[in-house]
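Enquirer: My questions all concern the structure below.
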Amino acid sequence: MRYLSGAMTKTTVDVDASRIDRREFLWLCGATAAILGLGEGWVPKIAEALEKAAVQRPSVMWLNFASDTGCTEALIKANYPNIAQLILETLSLDYHETIMAAAGVQSEEILAQALKKGGYILIIEGAVPTKKGYGMIARRDMIDIGKEFSAKAKAVIAVGSCATWGGVPAGNPNPAGLKGVRDALGVDCINLDLCPVNEAILVATIVDFLLTGKVPERDRFGRPKIFYGQTIHDQCERRAHFEAGRFVERFGSKEEELGYCLYKMGCKGPMTYANCSKVRYNDRVSWCIGAGGPCIGCAEHGWVDKFAGFYERLPGVAVPGIEGVEAGADKIGLVAGAATAAGIAAHAIATAAKGRFKGEPPERGVKKE
Ligand code: SF4
Ligand code: SF4
């Protein structure tokens, strides 16, 4: 975490020691355009919007509520080229209690100043306890802090499934009454589901907001359709195996080695809406199914209980060549959630952009292994 070991002021993160150069900057703009389903013609516009923002330094307040800070980890551990740096060098991350140097009274002063000023982009990580006394910061309930800060924000982004609907801490029996930002605070936020959030999606969302000044079109769960408009199943590299009835039935088997479909190992890809196969994780190296694990459906609201039995087969999906038809996997996905014509169209554009995003980033002295 280069920029964390560097100098930090009490309110911002200093990234001077690790500035991204022009080639990397343009590559990141291109990668972000691809995630947003925009053509190459948008790269200069994205670059211009970011350069303008780098002068104005829009304020970002990042509040942590009930979570394991996994989304922060996902953001700060991205490292080559550091997509998080794009945020840190463009925006003014004025408050993030996990990574800032300020603590105690000093951090409360920063919060008070920001609140007085208003107009920041508010990012919330973690679920909100709706029962009083179950989650407090500086002797105040998280729900009260969240309401106060969301009222003065120009945009609210809930990152990760804890913030979007409650996530792992809201699993049954949920004694703290944990809920997502939208339900607990009653605010219209952009929900970036996934556990943890994919940092590339977060950056693309912020860039989109800087470009348009508007929140993106969203589905009924508050998720941007451009990222969550199509099922994992429809974008899966193992889909041909599913259609041909070639399945892994046991880990350690030859079928697993051959990369067959993981549906019988509990894959929830047919009813999960997200673009993980495109944006991938760990610097775009791989993703759950690519790494050999079934999708556990972490982009869906309620997945912790709804999809429990992560290695158990999803009922109601027709398995080609093996069983009678109950409902096609595509139909299951449609019933589960959010596919729309707009989403499908967006997916088509995103698919066209896929090659560009997966292209290698520019060389940067240290070669990626
Ligand atoms: S069931 Fe899972 S592994 Fe199989 S094609 Fe669908 S998403 Fe991919
Ligand atoms: S592939 Fe499935 S389990 Fe993995 S991050 Fe995406 S939605 Fe979550």
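The values are calculated or read from the model by the stated rules, or taken from the named source; none is laboratory data. Note that this is a predicted model, so its numbers are computed, not measured. As a convention, Cβ positions derive from the backbone with ideal geometry for all residues, glycine included, and neighbour counts pool all protein chains shown. Ligands, DNA and RNA are stripped out before the accessible areas are found, and what is left, the full protein with its side chains, is counted by its heavy atoms. Shrake-Rupley method; radii C 1.70, N 1.55, O 1.52, S 1.80 Å.
Enquirer: Going through the stretch 189-216 one residue at a time, which ones are charged (D, E, K, R) and at pLDDT 95 or above? Give the derivation first.
Expert: Kept after step one, since they are charged (D, E, K, R), are these residues of the stretch 189-216: 193, 199, 208, 214.
The answer is 193, and nothing else.
Enquirer: Out of all the residues in the stretch 191-244, which are touching a His at 6+ places or on another chain (Cβ under 8 Å) and either assigned to a loop (DSSP other than H, G, I, E, B) or touching a residue at least 40 places away in the same chain (Cβ under 8 Å) (or both)?
Expert: Correct list: 193, 221, 229, 230, 234, 235, 242.
Enquirer: Say whether the condition of being at pLDDT below 95, open to solvent by 40 Å² or more (accessible area, probe 1.4 Å) and not in a loop (DSSP other than H, G, I, E, B) is met by at least one residue in the stretch 319-326. Give the derivation first.
Expert: To start, the set of residues in the stretch 319-326 that are at pLDDT below 95 comprises 319-326.
Pick out the ones that are also open to solvent by 40 Å² or more (accessible area, probe 1.4 Å) and you get 321-326.
Add one more test, that the residue is not in a loop (DSSP other than H, G, I, E, B), and what stays is none.
So far as the stretch 319-326 goes, no, none of its residues is at pLDDT below 95, open to solvent by 40 Å² or more (accessible area, probe 1.4 Å) and not in a loop (DSSP other than H, G, I, E, B).
Enquirer: If you don't mind, another one. Go through 279, 248 for me and flag whichever is outside the structural domain of residue 159 (by TED's automatic domain parsing) and more than 11 Å from ligand 2 (Cβ to nearest atom). Spell out how you get there, then give the answer.
Expert: On the way: 279 fails: more than 11 Å from ligand 2 (Cβ to nearest atom).
Within the list 279, 248, the selection yields 248.
Enquirer: So for the stretch 196-205 (the condition being touching a Pro at 6+ places or on another chain (Cβ under 8 Å) and either among the charged types (D, E, K, R) or more than 25 Å from residue 48 (Cα to Cα) (or both)), does at least one residue qualify?
Expert: Looking for residues that are touching a Pro at 6+ places or on another chain (Cβ under 8 Å) and either among the charged types (D, E, K, R) or more than 25 Å from residue 48 (Cα to Cα) (or both), one finds none in the stretch 196-205, hence no.
Enquirer: Let me confirm something: among 160, 146, 186, which residue is farther than 21 Å from residue 93 by Cβ and away from ligand 1 (no atom under 16 Å from the Cβ)?
Expert: Values: 160 fails: farther than 21 Å from residue 93 by Cβ; 146 fails: farther than 21 Å from residue 93 by Cβ.
So the residue among 160, 146, 186 that is farther than 21 Å from residue 93 by Cβ and away from ligand 1 (no atom under 16 Å from the Cβ) is 186.
Enquirer: For the stretch 28-74, which positions are surrounded by fewer than 20 Cβ atoms within 10 Å (Cβ to Cβ) and assigned to a loop (DSSP other than H, G, I, E, B)?
Expert: Scanning the stretch 28-74 gives 39, 57, 58, 68, 69.
Enquirer: What single numbered condition from (1) of a type in the set (Lys, Arg); (2) away from ligand 2 (no atom under 13 Å from the Cβ); (3) open to solvent by less than 10 Å² (accessible area, probe 1.4 Å) fails to hold for residue 220?
Expert: Result: residue 220 passes all but (3).
Let's see how each residue does on (1) more than 16 Å from ligand 2 (Cβ to nearest atom); (2) open to solvent by less than 10 Å² (accessible area, probe 1.4 Å); (3) farther than 23 Å from residue 121 by Cβ:
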site	(1), (2), (3)
164	no, yes, no
181	yes, yes, no
198	no, yes, no
230	no, no, yes
233	no, no, yes
237	no, no, yes
240	yes, no, yes
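Enquirer: Select from the stretch 306-318 the residues that are surrounded by 12 or more Cβ atoms within 10 Å (Cβ to Cβ) and either within 14 Å of ligand 2 (Cβ to nearest atom) or outside any loop (DSSP other than H, G, I, E, B) (or both) and write down the one among them that is modelled with the lowest pLDDT. Write out each step before concluding.
Expert: Going through the stretch 306-318, the residues surrounded by 12 or more Cβ atoms within 10 Å (Cβ to Cβ) turn out to be 306-307, 310-314, 316-318.
Narrowing further to those that are either within 14 Å of ligand 2 (Cβ to nearest atom) or outside any loop (DSSP other than H, G, I, E, B) (or both): 306-307, 310-311, 314.
Details: 306: 93, 307: 94, 310: 91, 311: 94, 314: 79.
Going through the qualifying residues, I end up with 314.
Enquirer: Of the residues 157, 190, only one is more than 16 Å from ligand 2 (Cβ to nearest atom), crowded, with 24+ Cβ neighbours inside 10 Å, under 15 Å from residue 75 (Cα atoms) and β-branched (Val, Ile, Thr); which?
Expert: Numbers: 190 fails: under 15 Å from residue 75 (Cα atoms).
The match here is 157.
Enquirer: Taking the options 77, 131, name whichever one is at pLDDT 95 or above, open to solvent by 10 Å² or more (accessible area, probe 1.4 Å) and charged (D, E, K, R).
Expert: Details: 77 fails: at pLDDT 95 or above.
Among 77, 131, only 131 is at pLDDT 95 or above, open to solvent by 10 Å² or more (accessible area, probe 1.4 Å) and charged (D, E, K, R).
Enquirer: Being within 15 Å of the chain's Cα centre (by Cα), in a loop (DSSP other than H, G, I, E, B) and surrounded by fewer than 22 Cβ atoms within 10 Å (Cβ to Cβ) is the filter here, so list the residues in the stretch 259-300 that pass it.
Expert: 280, 282, 283, 284, 288
Enquirer: While we're looking at this one, here's another question. Hey, any hits in the stretch 249-264 for a residue that's under 26 Å from residue 52 (Cα atoms) and in contact with a Cys (Cβ under 9 Å, 6 or more places away or on another chain)?
Expert: In the first step, residues of the stretch 249-264 are kept if they are under 26 Å from residue 52 (Cα atoms); the result is none.
Checked against the condition, which is being under 26 Å from residue 52 (Cα atoms) and in contact with a Cys (Cβ under 9 Å, 6 or more places away or on another chain), the stretch 249-264 yields no hits at all.
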